[in-house]
Each structure stands twice: as structure tokens, then as C-alpha cells.
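For reference, the structure discussed in these notes is given below.
The values are calculated or read from the model by the stated rules, or taken from the named source; none is laboratory data. Everything numeric in this text was worked out from a predicted model, so none of it was measured. With ideal geometry, Cβ positions are generated from the backbone for all residues, glycine too; neighbour counts draw on all protein chains shown. The area values use the complete protein model at the heavy-atom level, side chains included, leaving out ligands, DNA and RNA. Shrake-Rupley method; radii C 1.70, N 1.55, O 1.52, S 1.80 Å.
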Amino acid sequence: MVCAEVSAEFLNFSKAAGNDLSTPRPEYGFVGLSPGDRWCLCAARWEEARRAGFAPPVLLEATHEAALEICTLDDLMAHAVDAPA
């Protein structure tokens, strides 16, 4: 899992790819995401968005190390909002 701060661009990309994260789904207790919200994404979806140019910023401290099986540390760090100095 990649902990991300979703952007409007990512939400639009995800919706177009068949995973609408912005529309509320009250029957599932899901209020929908807005730009700036933080959400855990499967690493494959984040990587797909990165390759398409729509990767949202990453919170490294909250991202599971298993994400490294799909994403490179360099790519995650390049998008990190909490990258070490």
C-alpha cells in the first residue's frame, strides 16, 4: 500500500481507469475523496498512475514497505511529501 495525498488529476485518472474514488457511496460508508485527502492506494494503482503522469504525492512514513515489490524507492521518494533531507 502507498499512502498518498490525492490530487484532482489523480482522482480524474482513477475514475477514467474504472476506480471512482471521488463519488460518495453511502451504501458502503464511503464519503468520497477530495483533492488533498490522504488515502492508501494499492501499489499497482499508484505505479499505473505514475507511468501515466498522474501519481499523487506520497507519504513515505505511512507507506508499507511491500510497495517496493512494485514501485521503486527512487520513484516513491521523487513523489514524497515527507522525504528525508
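Could you work out the helix-only [θ] at 222 nm for the chain, with each DSSP H run of four or more residues adding -39,500 (n - 2.57) and the total divided by the number of residues, to the nearest 500 deg cm²/dmol?
Only helices count here, giving -8000 deg cm²/dmol.
Angle check, please: helix 43-52 long axis (alpha carbons) against the longest principal axis of the chain (alpha carbons), in degrees 0 to 90, nearest 10.
Here the helix axis deviates by roughly 90 degrees.
Specify which residue in the list Phe54, Ala17, Cys40 is farthest towards the positive end of the charge dipole of the chain, using unit charges on the beta carbon of Lys, Arg (+1) and Asp, Glu (-1), about the Cα centre.
With unit charges placed on the Cβ atoms, the residue in question is Ala17.
At Lys15 and Cys42, where each label point lies 7 Å from the Cα along Cα→Cβ, what is the point-to-point distance in nanometres?
Between Lys15 and Cys42, the simple spin-label model gives 2.2 nm.
About the Cα centre of the range 2-45, what is the dipole size in debye to 20, counting +1 per Lys and Arg Cβ and -1 per Asp and Glu Cβ, all else neutral?
Computed about the Cα centre, the dipole is about 80 debye.
Which whole-number value in Å² is the accessible area per residue of the chain, probe 1.4 Å?
Normalised by residue count, the accessible surface of the chain is 60 Å².
Quick one: pull the percentage of alpha-carbon pairs in the range 16-66 with a separation above 13 Å.
When every Cα pair of the range 16-66 is considered, 66 percent fall beyond 13 Å.
With +1 on each Lys and Arg Cβ and -1 on each Asp and Glu Cβ, and nothing else charged, work out how big the dipole of the chain is about its Cα centre, in Debye to the nearest 20.
I would put it at about 280 debye.
Pairs of Cα atoms under 8 Å, at least six residues apart: use those to get the relative contact order of the chain, whole percent.
Computed over the chain, the figure is 36 percent.
Can you pull the percent of the chain's accessible area that's carbon plus sulfur, 1.4 Å probe, other chains left in place?
54
Treating the chain as a set of equal point scatterers at the Cα positions, no solvent, please give the Debye-formula log₁₀ I(q)/I(0) at q = 0.11, 0.18, 0.19 Å⁻¹.
-0.27, -0.71, -0.78
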